[in-house]
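K.L.:
Got a structure for you, written out below as structure tokens; questions coming shortly.
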Amino acid sequence: MVSKINYKDVKFLKIHLKTNELKLFNQLPTYEQKHCINVARDVEITCARKEMQSFNLIKVALLHDIGKIYSSMNPIDKAIMVILHKITNGKVRVYERFKNVNMYYNHGEIGCNLLKQYGYDDRFLFLVKNHHNNSIIDDIELNILKECDDKN
């Protein structure tokens, strides 16, 4: 709720995002921006530790929640959704007709559809779309993204 974007964050964003991507990214609420930056920084560290090339995965991490630009959820709404998801073991998903439930569960697909319009490749779109899909386990990049997202 009190997230702020600092000079180091802006510098990091300018290194990894093009101007049009920054405009899109800046449509996210500040607390979501900070979350994405934190995920991207953890992706960078994890990839370095594994001696993997990370630039594209960092960009994915920065844009993985871009579907949330269509959301009106505030941090309290988001916290409620996280709690409901945990206590119902995901059964609250049956109420996807409600905007917050739909956004919570489908923001990856929503973001994927948005980014398709910008010409991202299939791999990039796959990672954005599936960053909460726990049925895919044999994908190193997706696993790194999920791990870093869960941590933040």
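K.L.:
May I ask you to list the residues in the range 6-27 that are more than 17 Å from I58 (Cα to Cα) and touching a helix residue (DSSP H, G or I) at 6+ places or on another chain (Cβ under 6 Å)?
P.N.:
Of everything in the range 6-27, just one residue is more than 17 Å from I58 (Cα to Cα) and touching a helix residue (DSSP H, G or I) at 6+ places or on another chain (Cβ under 6 Å), namely Q27.
K.L.:
Separate question: Within the range 109-123, can you find the residues that are within 12 Å of the chain's Cα centre (by Cα) and either crowded, with 20+ Cβ neighbours inside 10 Å or not in a helix (DSSP H, G or I) (or both)?
P.N.:
Once the filter is applied, which keeps residues that are within 12 Å of the chain's Cα centre (by Cα) and either crowded, with 20+ Cβ neighbours inside 10 Å or not in a helix (DSSP H, G or I) (or both), the range 109-123 yields I110, G111, C112.
K.L.:
Same structure, new question: Among what's in the range 137-152 and is among the β-branched types (V, I, T) and part of a helix (DSSP H, G or I), pick the residue that is surrounded by the fewest Cβ atoms within 10 Å (Cβ to Cβ).
P.N.:
Among them, the one singled out is I140.
K.L.:
Has the range 42-63 got at least one residue that is exposed (fewer than 13 other Cβ atoms within 10 Å of the Cβ) and within 19 Å of N102 (Cα to Cα)?
P.N.:
Within the range 42-63, none of the residues are exposed (fewer than 13 other Cβ atoms within 10 Å of the Cβ) and within 19 Å of N102 (Cα to Cα).
K.L.:
Another question about this same structure. Give all pairs with beta carbons closer than 7 Å in which a residue from the range 12-35 that is within 14 Å of S71 (Cβ to Cβ) and among the aromatic types (F, W, Y) meets a residue that is at pLDDT below 95 and not in a loop (DSSP other than H, G, I, E, B); count only pairs at least 6 apart in sequence or on separate chains.
P.N.:
Close Cβ pairs (under 7 Å, with a partner that is at pLDDT below 95 and not in a loop (DSSP other than H, G, I, E, B)) amount to Y31/P75.
K.L.:
Do we have V10 as outside any loop (DSSP other than H, G, I, E, B) and closer than 22 Å to L142 by Cα here?
P.N.:
Considered against the rule, which asks whether it is outside any loop (DSSP other than H, G, I, E, B) and closer than 22 Å to L142 by Cα, V10 comes out as no.
K.L.:
Among what's in the range 1-41 and is over 15 Å from the mean Cα position of the chain (by Cα) and among the charged types (D, E, K, R), pick the residue that is surrounded by the most Cβ atoms within 10 Å (Cβ to Cβ).
P.N.:
Here the answer is D9.
K.L.:
Please list, ordered by first then second residue, the pairs with beta carbon atoms under 7 Å, 6 or more apart or interchain, first in the range 37-60 and part of a helix (DSSP H, G or I), second at pLDDT 95 or above and among the small types (G, A, S).
P.N.:
V39/A61; A40/A61; V43/A61; I58/A40
K.L.:
Could you please find all residues in the range 36-57 being of a type in the set (V, I, T) and under 17 Å from I5 (Cα atoms)?
P.N.:
I37, V39
K.L.:
Closer than 25 Å to L115 by Cα and aliphatic (A, V, I, L, M): is that true of L28 in this structure?
P.N.:
yes
The values are calculated or read from the model by the stated rules, or taken from the named source; none is laboratory data. Quantities reported herein were computed from a predicted structural model and do not represent experimental measurements. As a convention, Cβ positions derive from the backbone with ideal geometry for all residues, glycine included, and neighbour counts pool all protein chains shown.
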